[in-house]
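Data first, discussion second: the structure below is written as structure tokens.
The values are calculated or read from the model by the stated rules, or taken from the named source; none is laboratory data. These numbers come from a predicted model, not from an experiment. Heads up, the Cβs are rebuilt from the backbone with ideal geometry, glycines too, and the neighbour counts pull from every protein chain shown.
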Amino acid sequence: MHFARRFSPFVLVTTLTPGLTTCQQSGPRVPANPYENAHPYLDLPLEQVVKHIPELRELEPAQDEQILPTILSETAVAVDEFLDNAVDLLAQEEVTRTRLRSNGSVQASQRLQYNYLIVHHGDGLTLTIEEYREDSRGNRVEQGGLDQGFSLTSGFALICIYFASDHRSDSTFRYLGRETMGSRKTYVVAFAQRPEQRAAVNIVSGTWGKIGILVQGIAWIDERSYEIMRMRTDLLAPLPQIGLQAQTTEVSFDEVRLQDVPNPLWLPSDVTVDAKFEGTDFRNEHRYTNYRRYRVSSKILAPN
């Protein structure tokens, strides 16, 4: 992902290759515009939004939506600060990839462990943030399991980018109310990307190549710090042209304090991605622990 000041649009990457599909048989296809008649759930009456998203069952409905500009402004400050102060990081990642039957039972499952890296590259004008996996020996991992019918997901560290100053105009927002998460009180804000902006922040790749997708979602924002505690995203519209009927991503964030970083970082701790592709249900569960600074050391040897 590349950005100067406006951060890269590519955050969540999903790879889908669950066996031979009609897409593979007919070759790459350019999907038509699926968003022409998109109806975001933030446009629905609140009771229908709550019915669609069970996590909102304890929601205290908003009495005054005039607070929304303040919430968005303060959240943008917190997100911008995170993006500006983020450092190279290394974490332990545990991934459980599951293929489900139509009744929800497990058809096949695979459990993997990696070193997960979030690394910055820059030349002073542009900055690249790369997320990738390594094995215990420090070798970059080429993800296996796709040929066995599993999906692959990655790239959750910057999912908060929807609320960044430079990206806020790409979406429509609605203040839904307040909800308590543990001991913290949160503002609950729904958002939906504007199709006319064409500012995709997600990529789905497969035999058709790579396409950007648009999403809608919910953010739970701490009332005091305006840090995003939790996020959920859904497709803004199904993508029948590539067989992707649904994709829901749920990310929980934890505060991470590093010894030589002055401000705490809010980073993904638990992530669940549910997708329905070509009639098959997939679930990827990611667990991130032991975040720490990542430093590359090198040694210069004198010639013999």
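State yes or no: is LEU59 under 30 Å from ILE211 (Cα atoms) and at pLDDT 90 or above?
No: the conditions fail for LEU59.
Counting just the residues of the range 254-264 that are among the acidic types (Asp, Glu) and within 20 Å of the chain's Cα centre (by Cα), which one comes out farthest from HIS52 (Cα to Cα)?
That would be GLU255.
Limited to the range 155-209, what total is found for residues that are among the polar types (S, T, N, Q) and free of Cβ contacts under 8 Å to residues at least 40 places away in the same chain?
4
Restricting the search to the range 138-151, which residues are modelled with pLDDT of 80 or more and surrounded by 15 or more Cβ atoms within 10 Å (Cβ to Cβ)?
PHE150, SER151
Every residue in the range 49-66 that is surrounded by fewer than 16 Cβ atoms within 10 Å (Cβ to Cβ) and either in contact with a helix residue (DSSP H, G or I) (Cβ under 6 Å, 6 or more places away or on another chain) or more than 26 Å from SER165 (Cβ to Cβ) (or both), please.
Once the filter is applied, which keeps residues that are surrounded by fewer than 16 Cβ atoms within 10 Å (Cβ to Cβ) and either in contact with a helix residue (DSSP H, G or I) (Cβ under 6 Å, 6 or more places away or on another chain) or more than 26 Å from SER165 (Cβ to Cβ) (or both), the range 49-66 yields LYS51, HIS52, PRO54, GLU55, ARG57, GLU58, GLU60, PRO61, GLN63.
Anything in the range 270-304 that is within 30 Å of ILE242 (Cα to Cα), polar (S, T, N, Q) and modelled with pLDDT of 90 or more? List them, or say none.
THR272, ASN284, listed by residue number.
For the range 240-257, what are the residues that are surrounded by fewer than 22 Cβ atoms within 10 Å (Cβ to Cβ) and of a type outside the set (Asp, Glu)?
PRO240, GLN241, GLY243, GLN245, ALA246, THR248, SER252, VAL256, ARG257
Among strands (runs of 3 or more DSSP E) lying entirely in the range 67-137, which contain 1 or more residues that are surrounded by 14 or more Cβ atoms within 10 Å (Cβ to Cβ) and of a type in the set (Asp, Glu)?
89-100, 127-134
For the range 198-225, which residues satisfy the criterion of being modelled with pLDDT of 80 or more, closer than 16 Å to ASN33 by Cβ and not in a strand (DSSP E or B)?
LEU214 - this is the single residue of the range 198-225 that is modelled with pLDDT of 80 or more, closer than 16 Å to ASN33 by Cβ and not in a strand (DSSP E or B).
In the range 226-253, how many are under 15 Å from the mean Cα position of the chain (by Cα) and either over 23 Å from LEU68 (Cβ atoms) or in a strand (DSSP E or B) (or both)?
The number of residues fulfilling the criteria is 16.
Taking the condition of being over 18 Å from ALA76 (Cα atoms) and in a strand (DSSP E or B), how many residues in the range 255-267 meet it?
So the count comes out to 1.
Considering each of LEU258, LEU236, LEU265 in turn, give the residue that is within 26 Å of LEU44 (Cβ to Cβ) and either of a type outside the set (D, E, K, R) or in contact with a Lys or Arg (Cβ under 8 Å, 6 or more places away or on another chain) (or both).
LEU236
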